[in-house]
Every structure is written in C-alpha cells, then in structure tokens.
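The values are calculated or read from the model by the stated rules, or taken from the named source; none is laboratory data. Only a predicted model underlies this, so the values are computations on that prediction, with no experimental measurement involved. Because the Cβ atoms are built from the backbone with ideal geometry, glycine has one as well, and the counts that use them run over all protein chains shown. Side chains are part of the model used for accessible areas, which takes the heavy atoms of the whole protein and leaves out ligands, DNA and RNA. Shrake-Rupley method; radii C 1.70, N 1.55, O 1.52, S 1.80 Å.
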Amino acid sequence: MLTKMQEYHEKVKQFLPGGVHYNFNLPWEESPLHFVKTQDSRVFDMDGNEYLDLYARFGAMILGHGNKVYQDALKAAIDRVLCVSHCDFDYEVLELIHSLVPSAEMIRFGLAGTEIVQNALRVARAYTGKNRFVRFEKHYHGNNDNIMGGKAVNADYPVPQDFAGDTYGTSGRAADCMESQSFLIPWNDEAALEKLLAAHGDEIAAVITEPMCVNGGSVEPKPGYLQKMRALCDQYNVLLIFDEIITGFRVGLGGAQGHYGVTPDLTTFGKAIAGGGVPVSVLAGKKEVMSLLEAKKVIHAGTFNGYPLGLAAVKATLEILSQDNGAVYPKMQEKITAIQNILVQNAAKAGIPLIVQGLPGCAAYHCCEKPLESPSEYSFDILTKDIILNTCMQKHGILVSSMSRLYSNISLTDDDVAWFEKHSVGALQDAAAILEDIC
Ligand code: PMP
C-alpha cells in the first residue's frame, strides 16, 4: 500500500524527469519527500512525519524556517516595490555587504551560484587578458559544462577530461570546453599549484577555489595553504577567486576569507546570503577589477539582477545575522557542535567508524577512521557509506544534506539537539546492519 505522499509522488513522476528537481550521475535514486509545513528547524511531510532539517536547502536556509523578521521584510517588499530595475534600498544592501566583507569593494547581483561563477571567470579573463583558469579536484562551482568534474591525466599539462564513473560526468557536454578552459589539480597541495603556475602562468587568468572545500568533504585548508595561493597568484598575475557560495555568511559574518585571513580578488556568494527563501548570488571584488563592468568592457546581464525581493531578502538576512556583532553565530555553532559530537558518540556505540570534519555550520560526517586531508581522498567507497547513513537518518526523522553535510541554522535549540540524540540511535543501528551486509 502506498502512502498518501508516495501516491502523490507517482503522479509527479509522470511529468518531472526522475521525479526530482535536481540530479547528478549517482548510482542511487533519491527518495524525495513532499513537505506541507515548516517551522524553525523542523519540516513536516505529506504523511505527517516530522524531521529535523539539517539539509537546509543545500545550506541556503541559515535563518531557520518561518523567521518572522525575514518573512515580514519579504512581504513588505512584495507589497511596495515588487518588480522594478532599481529600488530605494539598493544602497543599504551594497553598503551592508561591503561593511561585513571588506574585500567586497564593488558588488553585482545575479540569481544562481552557477551563473555568477561564470561572470567571475569572464571578469578575470578580461582583467588579465588570459584564458584558462585553475580549478581543484572535487570542488564544485555550479553545473556549467566548463567547470564540472573530469580528471587530468597528464601531470605536466593537467587539463581535465571525461572519465567513466565521474559523479559529475554528463552526456551532452559541449565538446572540448573542459579541455580548453581549465587546468585541474589536487587541492591542499602547494607544490602542485606552484609547479602549474610556474610552467603555465602566462595562460592562466584565475585560480578558483572553495576556501574550505565543502563539496570535497568539508576539508579545511592546511595552515598556510590559502596564503601561499594568494602569494602565487600575485606573483603570476593571476586573479584569486574564492567561491564562498556555501561558506559565505555560514562560517561567520566575514565568510571563510575572514576566518582564514586571506583576501581574494573576487568572491562569489549565493545560498545563505538571501536567507534561503529566494535566490540571490553575488559577485564582489576589488574596485580595480570590478570597474571593468563600470567601463562596459565586460558584459554582465540578467533580467532579474538586483530584483527588489531578492535585495530585501539579503538585507533582512544580513541584518539578522549581524545584530550584536554576530552574536547568533556562537549560539548556532554550540548547537551544531553538540549534534556533531552526539553523532560521533552514537556511531561509536553502533560500531560504525565515523568522523566529523570542517568548520561548524558546514561540517560533514564521513564513515571512515580519520579525517580526509585532501578532497582527493573522498573516495566512492566513503561517499557510498555516507549516503547509506544519510538515507537511514531520513527514515528516522533527520534530514542531512546530500553529501553528508550537517548544515546549521540560527533557530536550532536544545530541543533539536535532544531530537537528534534520540533519533540518530535507530538510524545508526539501521546503517550498521546495512554496512555489515555490503562490506
Ligand atoms: N559553488 C559552490 C561552492 C556550490 O556549492 C554551489 C552549489 N552547491 C554552486 C557554486 C552553484 O550554485 P547554484 O546551485 O546556486 O547554481
């Protein structure tokens, strides 16, 4: 017998490919839930099941569900100034972003992270007059053909190519665009970057990196690595782009660049910057670089760029997060750290090797003995075990983001920690039984 939600999902599947709004090339099927109600850190599906939401819409939902101040700000914008090209709070939003992220000397807005990353690359190419960019294994910067997946086989000229089994592999990719636009090297490896820039710096416009590699397993940079990256970029006239689409306003008010004390030339933001209710992405950077847009040397277009509802969402989100100098962050981090510790303890009791790594707010668990030192160590084996546990948690009322990330939000309470403590026990027992079967 199908439940009400399963029946509903069957109907959706007739028209929605795979029954999902989103898919990668992973060998298991998502089992989507359809929700009817959300409040704070909890969401409720069509069958009446309640979940603790650590999925947080891929990290976007930093305020929790139903934050009244945020929702009232959106409603006010809808009522007053919904659809115009420029509104009377443009300046307030720009100034707010600049005051929190000093490297944001000038700012442009877009909608998706994918799109704003491409704009960052275009600006970097225009500024340097060079074509290629450097990217790193297991990083993710959106689902454009030129920047997703691949593997470099020739260490002397490490251009990415398609390979069988790539979870970011896709049919339909435009021919040659991976090979012709980027170099792909391991992350957290100073020597690899130094060698590449020394040999091919004259071809390279930009180095793009997640400052903490959340997509590669929430691996933190080794001490001094980002500083070295900064110095090498300066030496070879290459722009440094930090993709803070996950880390921005999640690890703290100044993003990962504030946390690690390294200033990029350009930064991309998305997800949490607009509180999760509406899409806004941001390209921010040095005036000297961003002024290429001012001089109309570089095109940046988009029907909805800087739309009032999005700007109202950014303004409300950043005002809430920056109140009392960001007092919400330590509180949020305390709750998510408690959840992380419980997961580690309960996994040990269930006999599952498990670690949690990364800055709280976008840390990830992995079913393995010790933290990954590089995203390249995030193997298919670990990924599979992580997903098994993820699926079991979903069955026990806990939603975790797809790559095993434990995303926090400012509405987390001790009650949520207690929910996790209670419900994770059964999830881990179920996962232990499955893992024993397959290993
Ligand atoms: N960059 C990073 C670091 C991301 O994690 C993502 C999305 N997960 C993107 C870019 C793409 O953003 P979007 O999904 O909004 O296109």
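I need a count of the residues in region 121-147 that are more than 10 Å from the ligand (Cβ to nearest atom), farther than 20 Å from residue 200 by Cβ and buried (at least 19 other Cβ atoms within 10 Å of the Cβ).
Residues meeting the conditions: 2.
Please pick out the residue among 342, 299, 320, 336 that is touching an Asp or Glu at 6+ places or on another chain (Cβ under 9 Å), of a type in the set (A, V, I, L, M) and either in the same structural domain as residue 89 (by TED's automatic domain parsing) or closer than 24 Å to residue 366 by Cα (or both).
It is 342.
Test residue 293 against the criterion of being in contact with a helix residue (DSSP H, G or I) (Cβ under 9 Å, 6 or more places away or on another chain) and either of a type in the set (Asp, Glu) or touching a residue at least 40 places away in the same chain (Cβ under 8 Å) (or both), and give yes or no.
Yes: the conditions hold for residue 293.
Are there any pairs with C-beta distances below 6 angstrom linking a residue in region 192-210 that is not assigned by TED's automatic domain parsing to the domain that holds residue 118 to a residue that is within 16 Å of the ligand (Cβ to nearest atom), with the two at least 6 apart or on different chains, and if so which?
Partner pairs satisfying both residue conditions: none exist.
Looking at (1) without any contact (Cβ under 8 Å) to a residue 12 or more places away in the chain; (2) in the same structural domain as residue 82 (by TED's automatic domain parsing), find the lone condition where residue 315 falls short.
(1)
Looking at this structure, is residue 110 out of contact with any Asp or Glu (no Cβ under 8 Å at 6 or more places or on another chain), modelled with pLDDT of 95 or more and buried (at least 18 other Cβ atoms within 10 Å of the Cβ)? If you could, list the steps in order and put the result at the bottom.
On the way: out of contact with any Asp or Glu (no Cβ under 8 Å at 6 or more places or on another chain): yes; modelled with pLDDT of 95 or more: yes; buried (at least 18 other Cβ atoms within 10 Å of the Cβ): yes.
Yes: the conditions hold for residue 110.
Taking region 403-415 on its own, how many of its residues are surrounded by 24 or more Cβ atoms within 10 Å (Cβ to Cβ) and of a type in the set (Asp, Glu)?
Looking only at that region, the number is 0.
Scan region 323-341 and give yes if some residue there is assigned to a loop (DSSP other than H, G, I, E, B), of a type outside the set (Phe, Trp, Tyr), out of contact with any helix residue (DSSP H, G or I) (no Cβ under 8 Å at 6 or more places or on another chain) and open to solvent by 10 Å² or more (accessible area, probe 1.4 Å), otherwise no.
Going residue by residue through region 323-341, those that are assigned to a loop (DSSP other than H, G, I, E, B) are 326-327.
Filter once more, so that each one left must be of a type outside the set (Phe, Trp, Tyr): 326-327.
Right, trim to out of contact with any helix residue (DSSP H, G or I) (no Cβ under 8 Å at 6 or more places or on another chain) and you get 326-327.
Checking which are open to solvent by 10 Å² or more (accessible area, probe 1.4 Å) leaves us with 327.
For region 323-341, residues assigned to a loop (DSSP other than H, G, I, E, B), of a type outside the set (Phe, Trp, Tyr), out of contact with any helix residue (DSSP H, G or I) (no Cβ under 8 Å at 6 or more places or on another chain) and open to solvent by 10 Å² or more (accessible area, probe 1.4 Å): present.
Where residues in region 90-120 are under 18 Å from residue 272 (Cα atoms) and assigned to a strand (DSSP E or B), which of them is nearest to the ligand (Cβ to nearest atom)?
Ranking the qualifying residues of region 90-120, first place goes to 110.
Please tell me if residue 81 is among the β-branched types (Val, Ile, Thr) and under 19 Å from residue 312 (Cα atoms).
yes
For residue 420, which of the numbered conditions (1) open to solvent by 10 Å² or more (accessible area, probe 1.4 Å); (2) touching a residue at least 24 places away in the same chain (Cβ under 8 Å); (3) part of a helix (DSSP H, G or I); (4) closer than 30 Å to residue 253 by Cβ fails to hold?
Of (1) open to solvent by 10 Å² or more (accessible area, probe 1.4 Å); (2) touching a residue at least 24 places away in the same chain (Cβ under 8 Å); (3) part of a helix (DSSP H, G or I); (4) closer than 30 Å to residue 253 by Cβ, only one is false for residue 420: (1).
Would you confirm whether any residue within region 266-284 is open to solvent by less than 30 Å² (accessible area, probe 1.4 Å), farther than 18 Å from residue 311 by Cα and more than 16 Å from the ligand (Cβ to nearest atom)?
no
Restricting to region 357-387, count the residues that are assigned to a helix (DSSP H, G or I) and open to solvent by 30 Å² or more (accessible area, probe 1.4 Å).
Selection size over region 357-387: 6.
For region 285-322, give me each residue that is in a helix (DSSP H, G or I), more than 23 Å from residue 264 (Cα to Cα) and of a type in the set (Val, Ile, Thr). Let's see the steps before the verdict.
So the first thing to find is which residues in region 285-322 are in a helix (DSSP H, G or I), and the list is 287-294, 308-322.
Filter once more, keeping what is more than 23 Å from residue 264 (Cα to Cα): 308-313, 315-317, 319-320.
If the condition is that a residue be in a helix (DSSP H, G or I), more than 23 Å from residue 264 (Cα to Cα) and of a type in the set (Val, Ile, Thr), then 317, 320 are the ones that fit.
Enumerate the pairs (first residue in region 254-283 and aromatic (Phe, Trp, Tyr); second residue anywhere and assigned to a loop (DSSP other than H, G, I, E, B) and within 11 Å of the ligand (Cβ to nearest atom)) with beta-carbon separation below 7 Å, excluding pairs fewer than 6 apart on the same chain, so at least 6 apart or on different chains.
Final answer for the pair search is 260/211; 269/244; 269/245; 269/248.
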